[in-house]
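Every read-out reported here was derived from the displayed coordinates using simple, explicitly stated rules and does not represent laboratory data. Model, not experiment: these values are computed from the prediction. Methodologically, a virtual Cβ is constructed for each residue, glycine included, from the backbone with ideal geometry; neighbour enumeration extends over all protein chains shown.
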Amino acid sequence: MRNWLLEELKCPICYSQFSVATDTVPVKYQADESNEIEESLLQCTGCQTEYPIICGVAIVVKDFATYISQNFTKITSLATQQGLNISQEMLDYFSSKNLDIAEATSTIPQWTNSQAMQIYLAAHYDNLRSTLSRNHPFITFLESYQTRDFYSVAINMISSHAHQLRRSLDIGCSVGGLTYRLANMSGIVFGIDLAFEAILTARRVLLGSPTPLNQYRLHRQGVNFDRRNLDLNFSEESKVEFLVASAYNLPFSSNCFDLVSVANVVDCVPDPRTMIDSISQFITQSGFFFHTDPYDWELKTAPCQEWFGGHSNLNPEDSIREYLENSCNMKILNEEDAVTWVLRIHERQFHIWFNHCILAQVA
């Protein structure tokens with residue numbers, strides 16, 4: 001975690017500022033003297049709640065104890081697999097809070113394991129067409145996809161307002177693909193996600209912290225994989241940061257973002273209207289809201305009555321447009337539908353969604 005993030009973050013419970021607690025877990029800085037905090041505890045100066053920084057990732061969720069208990073084994077195993085260190089002091093701290101005893105069922109989506117990270121790295125940063133042989137039957141589709149994919153549409157929509165973007169927030173950032181693109185047009189960009197591994201991966205790819213990640217494993221088929229380079233030449237790392245946080249309880253000051261993007265999240269949360277209501281409190285007057293989603297609803301995620309359309313005569317795109325205009329006091333500036341989003345599982349399996357995209361402005 002960058003030192004400057006302390007000035008930006010607020011406690012998601014009482015919205016007081018943070019200080020670094022040094023009594024229980026000593027502050028551990030990255031060895032390269034970059035003022036990168038690799039491990040510590042953030043303590044709220046108001047309610048005194050503590051939030052951990054693990055492997056450089058700040059975990060700033062309202063119910064941090066439940067989050068750690070649900071993900072303790074996954075986080076510690078991940079650190080071991082990637083050659084990262086969690087100090088004995090931090091492990092003792094978790095043990096003293098009984099957070100290492102048993103895991104509850106995680107509420108984080110299943111597409112957050114290590115194999116999924118490789119799939120997302122390909123989708124966020126690689127040219128999918130170049131991963132296939134020239135005679136592959138999907139090549140023609142991917143050639144057209146590259147000219148109107150989710151990222152190109154998003155950036156085209158937002159770019160005309162780039163001069164107004166001092167602070168931007170990318171919610172559900174996963175491994176950071178949209179954050180990476182927004183960094184070229186915004187003063188500061190934050191990416192948040194509830195998946196610890198996704199945030200750790202994004203920080204390694206774009207910030208080189210705590211260790212650089214320059215390659216990923218591309219699944220060909222069966223047990224065969226290729227190593228692919230991530231040649232990003234990213235020069236905006238000084239103004240980007242990632243953290244584990246929830247869209248329902250954002251750890252920032254209200255009305256502080258000129259742009260909030262929410263990509264492929266609405267159909268993955270139990271109460272999308274409550275989430276959008278919460279997000280809207282953090283957008284500046286005349287600020288922008290970018291939304292894209294395929295509305296791939298599942299009953300195990302949200303009950304039918306919480307969906308935007310899809311269960312009545314009103315379709316999802318009309319339902320969310322109406323909600324943004326009438327309930328959130330936003331004006332629709334631009335809208336595109338049937339925008340393709342592709343995940344390459346392996347060379348014989350691809351997942352394709354057709355997204356609806358909206359750019360709105362707070363009236």
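For each of 178, 6, count neighbouring Cβ atoms within 10 Å of the residue's Cβ, then give the residues from fewest to most. Before the final figure, lay out the partial values.
Details: 178 26, 6 15.
Going from least to most buried by this count: 6, 178.
A protection proxy built from the mean count of other Cβ atoms within 10 Å ranks the segments 180-187, 278-285, 50-57, most packed first, as 50-57, 180-187, 278-285. Between the stretch 304-348 and the stretch 33-68, the alpha-carbon centres lie 34 Å apart. Amide H to amide H distances under 5 Å link residue 57 with no residue, where only residues 5 or more positions off or on other chains count and H is placed in the peptide plane. Our coupling estimate for the stretch 333-341, obtained by passing each phi through the Karplus curve with A = 6.51, B = -1.76, C = 1.60 and θ = phi - 60°, is 9, 7, 7, 9, 10, 6, 8, 6, 10 Hz, Gly and Pro reported as x.
Distant-in-sequence amide contacts of residue 345, defined by a placed amide H-H separation under 5 Å and a gap of 5 or more residues or a different chain, comprise 350, 351.
Using θ = phi - 60° in the Karplus curve 6.51 cos²θ - 1.76 cosθ + 1.60, the 3J(HN,Hα) couplings for the stretch 282-290 round to 9, 9, 5, 4, 6, x, 10, 10, 10 Hz; x is entered for Gly and Pro. Put a plus charge on the Cβ of each Lys and Arg, a minus charge on the Cβ of each Asp and Glu, and nothing anywhere else: the dipole of the chain about its Cα centre is then about 680 debye. Over the stretch 70-204, calculate the relative contact order: mean separation of alpha carbon pairs under 8 Å at least 6 apart, over the residue count, as a percent. Answer for the stretch 70-204 is 23 percent. As a ratio to 2.2 N^0.38 Å, the alpha-carbon radius of gyration computed for the stretch 189-304 takes the value 1.27. For the stretch 227-363, the Stokes-Einstein estimate of translational diffusion at 25 °C and a viscosity of 0.890 mPa s comes to 147 µm²/s, using the Kirkwood hydrodynamic radius over alpha-carbon pairs.
Using all pairs of distinct alpha-carbon atoms, the Kirkwood hydrodynamic radius of the stretch 84-193 works out to 17.5 angstrom.
Report relative contact order for the stretch 1-75 in percent, whole number only (criteria: Cα-Cα under 8 Å, sequence separation at least 6). Write down the numbers at each step before the final one.
Working: 122 pairs, mean separation 19.5, N = 75.
About 26 percent, as a whole number.
Suppose every Lys and Arg Cβ carries +1 and every Asp and Glu Cβ carries -1, with no other charges. What dipole size does the stretch 1-63 come out with about its Cα centre, to the nearest 20 debye? Mind dumping the intermediate values first?
Values: 4 positive and 10 negative charges, 51 e Å.
Using Cβ point charges on Lys, Arg, Asp and Glu, the stretch 1-63 gives about 240 debye.
Quick one: Cα centre-to-centre distance for the stretch 205-253 and the stretch 129-166, in angstrom? Here the two parts' Cα centres lie 19 Å apart. The lysines within cross-link reach of residue 62, meaning a Cα-to-Cα straight distance under 29 Å and a gap of 8 or more places when in the same chain, are 10, 28, 74, 97, 239, 300. Across all directions, the average projected area of the convex hull around the alpha carbons of the stretch 239-296 is 4.4 nm². When 301, 179, 45 are sorted by how many other C-beta atoms sit within 10 angstrom of their C-beta, beginning with the fewest, the order is 45, 301, 179. For the stretch 12-108, the dipole from Cβ point charges (+1 on Lys and Arg, -1 on Asp and Glu) about the Cα centre works out to 320 debye, to the nearest 20. Farthest toward the positive end of the dipole of the stretch 249-363, out of 250, 307, 279, is the Cα of 250, where the dipole comes from beta carbon charges about the Cα centre.
Each of the peptides 342-354, 142-154, 59-71 was scored by the mean count of other Cβ atoms within 10 Å over its residues; in descending order, highest first, they stand as 59-71, 142-154, 342-354.
Once every DSSP H run of n ≥ 4 in the chain is given -39500 (n - 2.57) and the sum is divided by its residues, what mean residue ellipticity at 222 nm do you get, rounded to the nearest 500 deg cm²/dmol? Don't skip to the end; give the middle numbers.
Numbers: 10 runs with 93 residues, N = 363.
That comes out to -7500 deg cm²/dmol.
Restricting attention to the stretch 240-363, close to 75% of DSSP beta bridges with both partner residues there are antiparallel. Could you point to the residue in 200, 76, 218 farthest towards the positive end of the chain's charge dipole, with +1 and -1 charges on the Cβ of Lys/Arg and Asp/Glu respectively? About the Cα centre, the residue reaching furthest to the positive side is 218. Close amide H partners of residue 220, meaning residues 5 or more places away or on another chain with modelled amide H under 5 Å apart, are 225, 226. Of 339, 269, 175, 27, the sequence from fewest to most neighbouring Cβ atoms within 10 angstrom is 27, 339, 269, 175. Expressed in Å, the radius of gyration and Dmax of the Cα atoms of the chain are 20.2, 62. Placing a pseudo-label 7 Å from each Cα along the Cα-to-Cβ vector at residue 65 and residue 305 gives an inter-label distance of 3.2 nm.
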